[in-house]
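The values are calculated or read from the model by the stated rules, or taken from the named source; none is laboratory data. Bear in mind the structure is a predicted one, so any value in this text is a computation, not a measurement. Neighbour counts run over all protein chains shown; Cβ positions are idealised from the backbone, glycine included.
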Amino acid sequence: MAHFSKFIRPGAQRIGFEQADNTLMVTAARNPDGSIAVVVFNPSDVEKHILLSLGEQSAPLKISEKAIQTILIHKR
């Protein structure tokens, strides 16, 4: 719970997303300051490679097995 509350701030609103790998657990929220927090949990026994896209920009990421990772996208 502490992991989520550190990045998803009070007043944040959950936003929609698409995911190609249904073995990952994902949520995304827009914080009151305009930043976006994307939390990814990989419950599997293998490392996963994903492509995070927002608008015209994308970034390749990897998440270790049995790991939780948060990507914080700051408002420009």
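Considering segment 39-62, the residues that are in contact with an Asp or Glu (Cβ under 7 Å, 6 or more places away or on another chain) and not hydroxyl-bearing (S, T, Y) include one that is modelled with the lowest pLDDT, namely I50. Return yes or no: is E65 loosely packed, with under 14 Cβ neighbours inside 10 Å, modelled with pLDDT under 95 and either of a type in the set (S, T, Y) or part of a loop (DSSP other than H, G, I, E, B) (or both)? Spelling it out, it is not the case that E65 is loosely packed, with under 14 Cβ neighbours inside 10 Å, modelled with pLDDT under 95 and either of a type in the set (S, T, Y) or part of a loop (DSSP other than H, G, I, E, B) (or both). Close Cβ contacts (under 6 Å, 6 or more residues apart or on different chains) running from residues in segment 4-24 that are free of Cβ contacts under 8 Å to residues at least 60 places away in the same chain and in a loop (DSSP other than H, G, I, E, B) to residues that are among the charged types (D, E, K, R) and surrounded by 14 or more Cβ atoms within 10 Å (Cβ to Cβ) comprise I15/R30. Residues that are at pLDDT 90 or above, surrounded by fewer than 16 Cβ atoms within 10 Å (Cβ to Cβ) and either within 19 Å of I68 (Cα to Cα) or of a type in the set (K, R) (or both) within segment 1-14 comprise K6, R9, R14, listed in sequence order.
For segment 25-57, the set of residues classified as surrounded by 13 or more Cβ atoms within 10 Å (Cβ to Cβ), of a type in the set (A, V, I, L, M) and free of Cβ contacts under 8 Å to residues at least 24 places away in the same chain consists of V26, A28, A29, L52, L54, listed by residue number.
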